[in-house]
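Report on the following structure.
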Amino acid sequence: MPLRWGEAVVADLQSAQEACVGHLAPFVSRPLVDAHGREILDPSGRPIVGVVPNPLKDSVTDFKIPPKGGPVTLAAQGSAGDEAELEFIIDSQGDFDWTHIVGVSTGGYTLHFVDPGEQRRLQNFPVHSGTVVGTGRRMFKLPEPYLFNVEDKERRIVCRVKNITASPNTIRLTLVGRRYYIRDAKPDIDVLIGDSIGRRWRTNTYFLVPKEVDKFGIPPTLAGNGSARRTFVMDNDADTSIMKLMAVSTGAFSFRIKEEDTNRELSNGTLHSDNGWGTADFPFFLSDSWFIERNKRLFVDITDLTGANNVIYLTMAGRRLELR
Amino acid sequence: MPFPALEVIRKVAGEPLPELPDGSPNIAMGIRPIKEFVKPYWLASEPDVSVSLGAGVKARLQYAIDSQGHFDWAALMGTFSNGPVMLYLFDANSNRFLSNKPVHSTTICGSGQRYFRLPCPYFFNVGDSQREFQIFAENAVPGVGTTVVSIVPFGRRFYHKEMPPQMAAEILRDYDCIMKEYPYLLVPEDYDFRGVPPVLAANAKTQFEFEMDDSADLECSKLLFASTGAFTFTLREKDKDRLLMADLVHSSEGWGNAEFPVYLMDSFLLQRKRQLIMEITDLSGAPNYIFATIAGIRSQYR
């Protein structure tokens, strides 16, 4: 029986997370044992089952990672010092399962995440902060948690930020997730944690930006009432499952989305930007995750509706499926 | 339900994967075959995506679902340049309205950031022909001038003609068969044929009656409203004379809108020919138009 929509809209996201991460229940049921470790039986001969705290819970906490050195203030766009590299250090105390992005800034900026440990970029081009940085009240949830398995060393993730406003910009960016304190845990608990979080295998979060942007992620300005095509290109490394659409723009626009290889449109007409794109706080969830094979291209045809110059940052968020 | 992109593979060409060296069964992960044939889909009205409605003007928005694939409608959103309108949703091929009267657009039209999720999906089985969905929009909300309206159903498309036959049959089995239940919106019987409520005088009391018709039960899940001022209310089952609250509740504590609905803690089953009484007292000190809508799943199992 299919799930009802209210239950199901984020089920695909959840299924990805639950399949890999699992929810650590605070309590588990366990047969009661006596001082010698023997099960205690009820009069009918069956083991008596009690509810006890989940032993894993002691080793798992919420965890937030601000960048090394704290907040950074970037100079106005175009001046020296308008970009910086933020380094987020995950020490060797335990694995970090990164799930959300939050931040506060005095203006917009672009971000470019790189995981040096895996030599992996988390986007094809830098993304606008308004599309992937949420707030404490409405955190931006990664399409799939990103696990940093520290083993015996520290891990780090680097985020290159660039100011795109005409005034100085103070940026506070924080990664939020769960910490698994495997060093404190007994060996059997460590194994249990490894099983529950899928330490061995994951797909990973990925952000897609159209190829027309420059190296800082800044798109060309769309003239008033003008039209343009934005092309999202999948590379040759992996298939992608897109789940959320986000946009930041200086005005409203209309859009149509089309797959190049099938020549298939995702709507039968042109739509208002408010009806298809959200923000980091309130993303637009696709009704079903959109599976895009490697080397395919997507076209988003946009038309300005404001009559004035319009800078439109588009971001798609999904998972990379590196399975073949 | 969205299909996960991945699935566990235990067999290849009908044969189990070779066992692991320790003798345990081997599994692999692969792309779920159906993902290639399912896409998100926005349905725009034709021929015009938006219409301009002067005060009192009515228009019919037509949505054609071509025969390329089934459409599993899941959410509704819209833009209104200068105020809300009244909407009457109609499945032309099934000759079925999805509410008992027109409903206020603020109660059922969200935005891209927070679209209105239907209480359950509505499946359009196109078969070998096209299906048509219609929305009658009327600028009947008191005080609203000319407004440009664009309303967009959103869901997913099953491209069944390209699927392997068995997969296409499974889709129909799993989705089309549930059309004994579909989303439904209920507004009080006291509203006029346009869905507009009688105005409530300042500080006055009144009561509205939600009544389910004789052909189906309604599993209510969300309470939605739009009004020109605050009010307090109670909800009471007429047949049992049982209240759903201990005392008066403020409107903002019990009713939401399309973007932020109030979800009932457990769905409330309003059986056929039963009534739910909403007793209201104005708090605004001014004439108050209260558009209330209950969203739920209409079930025709008996």
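Values quoted throughout were computed directly from the atomic coordinates according to the rules given, and no laboratory measurement underlies them. Small disclaimer: the values here were computed from a predicted structure and weren't measured. Cβ: placed from backbone, ideal geometry, glycine included. Neighbour counts: every protein chain shown.
Structure values in brief
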| quantity | calculated |
| --- | --- |
| Average projected area [Cα convex hull, region A:207-321], square nanometres | 6.9 nm² |
| Crossing angle, helix B:165-175 versus chain B [Cα axis fit, 0-90 degrees, rounded to tens] | 30 degrees |
| Ordering of B:136-146, A:127-137 by packing [mean C-beta count within 10 Å, highest first] | A:127-137, B:136-146 |
| Net +/- balance of residues flanking residue A:40 in space, Cβ distance below 14 Å, scoring K and R +1, D and E -1 | 0 |
| Alpha-carbon Debye profile of region A:263-303, log10 I(q)/I(0) at 0.22 Å⁻¹ | -1.01 |
| Number of partner chain Cβ atoms within 10 Å, mean per residue of A:279-286 | 5 |
| Pairs of Cα atoms farther than 35 Å apart, chain A, % | 29 percent |
| For A:193, B:31, A:48, order by how many other beta-carbon atoms lie within 10 Å, fewest first | A:48, B:31, A:193 |
| Percent breakdown of C-alpha pair distances by 5 Å bin, ordered from the shortest bin, for region B:185-299 | 2, 12, 22, 27, 21, 11, 4, 1 |
| Overall Cα dimensions of region A:38-85, principal axis frame, Å, largest first | 81, 16, 11 |
| Residues with amide H under 5 Å from that of residue B:284, placed H, sequence gap 5 or more | B:203, B:230 |
| Relative contact order of chain A, pairs being alpha-carbon contacts under 8 Å that are 6 or more residues apart, as % | 21 percent |
| Per principal axis, descending, Cα span of region B:61-173 in whole Å | 54, 30, 22 |
| Rg [Å, one decimal], Dmax [Å, integer] - chain B, C-alpha atoms | 22.6, 80 |
| Residue-averaged beta-carbon neighbours from other chains (10 angstrom radius) around B:152-161 | 3 |
| Ranked B:189, B:211, criterion: other C-beta atoms within 10 Å, fewest first | B:189, B:211 |
| All-pairs alpha carbon distance profile, the protein assembly as shown, 10 Å steps from 0, percent | 3, 14, 22, 23, 20, 13, 4, 1, 0 |
| Theoretical ellipticity at 222 nm over chain B - DSSP helices of four or more residues, -39500 (n - 2.57) apiece, nearest 500 | -1500 deg cm²/dmol |
| Average other protein chain Cβ within 10 Å of Cβ, residues B:73-83 | 3 |
| Partners for residue B:222 among lysines (Cα-Cα distance below 26 Å; same-chain residues under 8 apart left out) | A:141, A:244, B:101, B:180, B:205, B:238, B:240, B:273 |
| Rounded, prolate or oblate (a/c below 1.5 giving rounded, otherwise prolate when a/b exceeds b/c) for region B:60-113 by Cα gyration tensor | oblate |
| Net charge, residue A:252 excluded, C-beta distance under 12 Å - Lys, Arg +1, Asp, Glu -1 | -2 |
| Degrees separating the helix A:187-197 axis from the principal Cα axis of chain A, which is the longest one | 40 degrees |
| Rounded tilt (10° steps) of A:11-20 against the dominant C-alpha axis of chain A | 50 degrees |
| Positive-end extreme of charge dipole, the protein assembly as shown - chosen from A:61, B:299, B:278 (charges on Cβ) | A:61 |
| Within-11-Å neighbourhood charge of residue B:114 [Cβ basis; K, R +1; D, E -1] | -1 |
| Relative exposure of B:70, B:250, judged by other C-beta atoms within 10 Å (fewest first) | B:250, B:70 |
